[in-house]
Amino acid sequence: MCQQLGEPESLVLEDRDPALCGSGQVRLRVRACGVNFVDALFVQGRYQIRPPVPFVPGSEVAGEVMEVGRDVDGWQVGDRAMASVGLGGYASEVVVHAAALVRVPDTLSDGQAATMGQSYATAWFALTRRTTISEGEWLVALGAAGGVGLAMIDVARTLGAQTVAAASDDAKVQLCIQRGAHKVVPYGLEPNSSEVKDAIRAATNGGADVVIDTVGGVLAEAGLRSLREYGRLVVVGFATGTIPALPANQILLRNRTVVGVDWGAWALGNPADNAALMAEVMELAADGRISPIEPATRPLEDAGAVLRELLDRKITGKVCLEPSPVPIGS
Ligand SMILES: NC(=O)c1ccc[n+]([C@@H]2O[C@H](COP(=O)([O-])OP(=O)(O)OC[C@H]3O[C@@H](n4cnc5c(N)ncnc54)[C@H](OP(=O)(O)O)[C@@H]3O)[C@@H](O)[C@H]2O)c1
C-alpha cells in the first residue's frame with residue numbers, strides 16, 4: 001500500500017477486508033502481479049494521473065477466478081484469467097468487472113500472463129494501430145531489455161521484421177539476443193547520441209524503418225536521426241525522466257514521421273476496441289507466435305525493493321510479485 005507519494009521503499013504490506021464482489025464483477029485469486037515502470041511512477045506521483053492516497057499500486061495481475069458475482073456470463077470458479085487493473089494489483093485478490101478479464105491460454109504461466117498484458121498490448125497497438133512494420137523492415141528498440149522493449153522485439157519478429165535491440169549493458173543485450181533480436185547496439189549507462197545513431201545505421205544497413213523509444217533523453221534524437229527514408233520514430237515513454245525536444249528539420253528530412261503511442265488512455269476510452277486488440281494478442285500467445293519472457297518471481301513484500309531496482313535500471317527482463325498463499329477456507 002502507498003500511504004503517501006514518495007519513494008517505493010515507503011510501500012507497506014497491510015491486511016484489508018476483501019472488497020465485495022458485486023453485480024457484473026469477479027473476484028480473482030492473484031497468483032502473480034506484474035511489476036511495471038508505470039507502478040513506480042504512480043507511487044512517486046510522477047504519472048499523468050495522481051490517485052488519492054492511500055492506494056494499492058499494481059497495474060496487472062493473473063490468477064484464477066474464486067467468486068463470480070451476479071449477472072456474469074462465461075466465467076466460472078477456477079478459470080484462469082488475467083486483467084489490467086490500473087491500480088490495486090499488488091494484492092492477494094482483486095475484484096474486477098468481468099469485461100476486464102482476459103482468458104489465459106495454457107501456453108502461458110501465471111507469471112507470463114501477469115507480466116505480458118501491458119507490454120504486449122502496447123507493442124501490438126503500436127505496430128498494428130499507430131504505425132505498421134513490413135516484412136524485412138528494420139525495427140530498433142531502445143531500452144530493449146525492458147518490458148516494452150522485449151515485447152516489441154518479439155512482436156516485430158512475428159510480423160517478419162528484422163530487429164535491433166539497443167540496451168545499456170552486456171547482460172541486457174545478451175538477454176535480447178536470447179529473446180530473438182537479430183542485432184544489438186550496446187550504448188552504456190551514459191549514451192552518446194551521435195555514436196548511437198551511427199551504430200544503429202551500421203546495424204540496419206543504412207537506417208532503421210521504425211525506432212521504438214521508451215527511454216527519451218538523448219537517445220530519442222539518436223533514434224530520429226538514425227531513420228531511413230519514410231522511417232517512423234515511435235514515442236512510447238521516457239524512462240530516463242527527460243522528455244526530449246526533437247529538431248523538426250530531422251522529421252522533414254527523409255520524409256520521416258514521429259508517432260505517439262498512449263495505449264493506456266486509448267484502452268480506457270475504447271474498451272471494445274481494446275478487447276479486440278487483446279483477443280488478437282492472446283491468439284498470438286495461444287498459437288506460440290509470441291512467447292513472453294518467463295519473469296523472475298519475488299514475494300509480494302519485496303514490491304518496494306523491486307520498484308527501486310527497476311528505477312535504478314538493475315532489472316533485466318521482467319519480474320512478478322507472488323502473494324503468499326491464502327489459507328484454504330479464508
Ligand atoms: N505509452 C504507452 O502506452 C506505454 C505503455 C507501457 C509503458 N510505457 C512507458 O514506457 C517506458 C518503459 O516501460 P517498461 O515497462 O518497458 O520499463 P522497464 O521494463 O523498466 O524498461 C525501461 C528501460 O529503460 C531503460 N532506461 C534508460 N534510462 C533509464 C533510467 N534513467 N531509469 C530507468 N530505466 C532507464 C532501461 O534500459 P537500459 O538500462 O538498457 O537503458 C530499462 O530497461 C516507461 O516510461 C513506461 O511508463 C508507455
Inset, instruction - Take residue 293 and decide whether it is assigned to a loop (DSSP other than H, G, I, E, B), surrounded by 14 or more Cβ atoms within 10 Å (Cβ to Cβ) and hydrophobic (A, V, I, L, M, F, W, C). - result: yes
Legend entry - Residue that is nearest to the ligand (Cβ to nearest atom), among those in segment 299-312 that are touching a residue at least 40 places away in the same chain (Cβ under 8 Å) and open to solvent by 50 Å² or more (accessible area, probe 1.4 Å): 308
Legend entry - Sole residue being more than 9 Å from the ligand (Cβ to nearest atom) and in contact with a Phe, Trp or Tyr (Cβ under 7 Å, 6 or more places away or on another chain), chosen from 209, 170: 209
Legend entry - Candidate set: segment 255-278, residues that are without any contact (Cβ under 8 Å) to a residue 40 or more places away in the chain and either hydroxyl-bearing (Ser, Thr, Tyr) or in contact with a strand residue (DSSP E or B) (Cβ under 6 Å, 6 or more places away or on another chain) (or both); chosen: the one farthest from the ligand (Cβ to nearest atom): 255
Legend entry - Number of positions in segment 28-62 that are more than 13 Å from the ligand (Cβ to nearest atom) and not in a loop (DSSP other than H, G, I, E, B): 9
Inset, instruction - Could you please give the count of residues in segment 126-149 that are near the ligand (Cβ under 8 Å from one of its atoms) and open to solvent by 10 Å² or more (accessible area, probe 1.4 Å)? - result: 4
Legend entry - Search result, residues across segment 62-83 that are more than 16 Å from residue 105 (Cα to Cα) and surrounded by 15 or more Cβ atoms within 10 Å (Cβ to Cβ): 66, 67, 68, 69, 72
Inset, instruction - Please work out which residue is farthest from residue 209 (Cα to Cα), limiting yourself to segment 155-168 and to residues that are open to solvent by 10 Å² or more (accessible area, probe 1.4 Å) and not hydrophobic (A, V, I, L, M, F, W, C). - result: 168
Legend entry - Hits in segment 130-176 - residues which are free of Cβ contacts under 8 Å to residues at least 40 places away in the same chain and closer than 17 Å to residue 198 by Cα: 163, 165, 167
Legend entry - Test: residue in segment 41-61 that is open to solvent by less than 20 Å² (accessible area, probe 1.4 Å) and more than 21 Å from residue 14 (Cβ to Cβ): no
Legend entry - Residue satisfying condition, being touching a Ser or Thr at 6+ places or on another chain (Cβ under 8 Å), of a type outside the set (D, E, K, R) and farther than 30 Å from residue 242 by Cα, within set 78, 69: 69
Inset, instruction - Scan the helices (runs of 4 or more DSSP H) fully inside segment 169-274 and keep the ones with 1 or more residues being touching a helix residue (DSSP H, G or I) at 6+ places or on another chain (Cβ under 6 Å) and open to solvent by less than 30 Å² (accessible area, probe 1.4 Å). - result: 193-203, 218-225, 249-252, 263-269
Legend entry - Residue ID - nearest to the chain's Cα centre (by Cα), chosen from residues in segment 87-139 that are assigned to a strand (DSSP E or B) and of a type outside the set (A, V, I, L, M, F, W, C): 103
Inset, instruction - State the number of residues belonging to segment 243-254 that are within 16 Å of the ligand (Cβ to nearest atom) and farther than 30 Å from residue 277 by Cα. - result: 0
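The values are calculated or read from the model by the stated rules, or taken from the named source; none is laboratory data. Owing to the predicted nature of the structure, the values given are computational and were not obtained by experimental measurement. In this analysis, Cβ positions are derived from the backbone assuming ideal geometry, glycine residues included, and neighbour counts consider all displayed protein chains. Surface areas here come from the heavy atoms of the whole protein model, side chains and all, with no ligands, DNA or RNA. Shrake-Rupley method; radii C 1.70, N 1.55, O 1.52, S 1.80 Å.
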